[in-house]
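Each reported figure results from applying straightforward, stated rules to the coordinates on display, with no laboratory input. Because the structure is a prediction, the values reported are computed rather than measured. Methodologically, a virtual Cβ is constructed for each residue, glycine included, from the backbone with ideal geometry; neighbour enumeration extends over all protein chains shown.
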């Protein structure tokens, strides 16, 4: 629940005093997100995402997205897009695990290409996270539910801005059109 920090201009009477945003670090609650930017010839690009809430400690339970959560996101994208998927994926530990490999192998409609390690500039979804974090800078929500609602609203707005999504794709310098 710690917000990303942003820069701020102080009031005239407060020159030289850095504004402070107080945030409590109670518990280990978190909102995790996974997203896909999808392109299909002749159609506008799409942003498909899922949100995972972790409301606190539980032994042996993963805090963020597990392999099965990623698989459900891919299944939803397959359903929405109505065809096979070629996925260009980063090297997140859940993306390259043995369990994920088994889930991928069970989906004949899915082809995976891994991005090189430490190459976020080639991943357009990194732009989604950057854009989202900037929009949440210095925000202090009072509850996990309020933060989740705000994140969903901001991601929903991005879904309806194909120009933004096109820009995130263009920024990678990669050509996503089939040969």
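Worth a mention:
- With neighbour counts taken as other beta-carbon atoms within 10 Å, the residues 172, 148, 111 rank, fewest first, as 111, 148, 172.
- Residue order for 96, 88, 128, fewest other beta carbons within 10 angstrom first, comes to 96, 88, 128.
- Rg/Rh (Cα only; Kirkwood hydrodynamic radius) as it applies to region 28-172: 0.96
- For region 94-169, the spherically averaged projection of the C-alpha convex hull amounts to 7.3 nm².
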